[in-house]
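The structure appears below as structure tokens.
The values are calculated or read from the model by the stated rules, or taken from the named source; none is laboratory data. No experiment lies behind these values; they were computed from the predicted model shown. Here Cβ is always computed from backbone atoms with ideal geometry, including for glycine, and neighbour counts include all displayed protein chains. Surface accessibility is based on the protein's heavy atoms, side chains included, excluding ligands, DNA and RNA. Shrake-Rupley method; radii C 1.70, N 1.55, O 1.52, S 1.80 Å.
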Amino acid sequence: MANLVEATTQQQFDEFLKKAGKCLTVVHFQAAWAPQCVHMNEVMAELAKEHTHTTFVKLEAEAVPEVSERYGISSVPTFLFFKAGEKVDSLDGAHAPELTKKVQRLTVSGSQAGAVELGSTDLNQRLKKLINAAPCMLFMKGSSQEPRCGFSRQIVSLLKQHNIQFSTFDILSDEEVRQGLKTYSNWPTFPQLYVNGELIGGLDIVKELAESGELENTCPKAVTLEHRLKTTINQSPVMLFMKGNKENAKCGFSRQILEILNGTGVDYDTFDILQDEEVRQGLKTYSNWPTYPQLYVNGELIGGLDIVKELNGSGDLVSVMKGDS
């Protein structure tokens, strides 16, 4: 794909930005040793097919230190978003849904040839759609990972402290939204917090709600990691947490356990831990089992490859997977 490229030098990187002009450029600062970067490259490839006017650039962070140092890159994967050579947004970590949202939003805000919304009716429709993009929407300067003003930093800290699940929109990336929302909501300053499409207010009101204990009742609570792990473990009667999936195991231990399970004839589902670092680390503590793969039956941990081998050798594996013992 012509819009999916790799920059191996600082000169190449600068040329890609210059060539893209006012169109969106997404740069993935990656490392060959990081499996989450491999996954995010696959996500970028799919996005490149959909957004043909957006340039997607892969860049080895350690191989091109001049660029990494210029933008303060300290971890991988990190994504930076550019328009007209200027950075307009960023994203830290392997968050495919968030990357997709940002690309879609920034592509819409910068699209040309008839996509620019001129009328106030069109703008109001767009604002209404953005406000209702999530049950709890925060319009702020920067992102939750990188707030760009003290008020935005404080409100993000408050929401996280109270375990509120929220999405954000960076008003610095879209002047039309920044100015239009002031009129639409009749609220002249930012940040602005919306719940179910209704304006709650700015930092002062969120502080008052937090102090009165009403914030948790006003905003949707984030799903705890423990709840998420329980739900995932019980997604299927037999769940295998592994590196890769049934069709493509990405380590020898996972490949071996697949061969054994496939030989039982018992149906099972898999979860690729390489695609979700939170689950990968959290499950080690939750199950008190430090390695992968991990096999669960009816929500209970059976064990890893060695235990599955033992059960298979003794002839007990099928009955265990069927929940008979």
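Give me the percent of accessible area attributable to carbon and sulfur for the chain, probe 1.4 angstrom.
Numbers: 8090 of 16490 Å².
About 49 percent, which is the carbon plus sulfur part of the accessible surface.
Could you tell me which of the pairs LYS22/LYS58; LYS49/LYS250; LYS49/LYS141 are separated by over 28 angstrom between their Cα atoms in the structure shown? Display every interim value, and only then the final one.
On the way: LYS22/LYS58 19 Å; LYS49/LYS250 25 Å; LYS49/LYS141 30 Å.
Checking Cα-Cα distances, LYS49/LYS141 exceed 28 Å.
Cα centroid distance between region 276-292 and region 174-194, in Å?
41
Arranged from highest to lowest average of other beta-carbon atoms within 10 Å per residue, in what order do the peptides 294-300, 281-287 appear?
On the way: 294-300: 18.4, 281-287: 15.9.
The peptides rank, most packed first, as 294-300, 281-287.
Check cross-link reach from LYS309 to the aspartates and glutamates: straight Cα distance under 19 Å, and skip same-chain residues fewer than eight apart.
Cα-Cα hits under 19 Å: GLU259, ASP267, ASP269, GLU300, ASP324.
Taking loop as defined by DSSP and a crowding limit of 11 other beta carbons within 10 Å, which chymotrypsin sites (Phe, Trp or Tyr not before Pro) in region 16-55 fit? Walk me through the numbers before you get to the answer.
On the way: sites: PHE16, PHE29, TRP33; in loops: TRP33.
Of the chymotrypsin sites (Phe, Trp or Tyr not before Pro), the ones in loops of region 16-55 whose Cβ has at most 11 other Cβ atoms within 10 Å are TRP33.
May I ask you to list the GluC sites (Glu not before Pro) in region 243-279 that are in a DSSP loop and have at most 15 other Cβ atoms within 10 Å of their Cβ? Intermediate values should be presented prior to the final figure.
On the way: sites: GLU247, GLU259, GLU277, GLU278; in loops: GLU247.
Within region 243-279, the qualifying GluC sites (Glu not before Pro) (loop, at most 15 other Cβ atoms within 10 Å) are GLU247.
Which entry in (i) 1.18; (ii) 0.93; (iii) 1.56 is this structure's computed Cα Rg over 2.2 N^0.38 Å?
(i)
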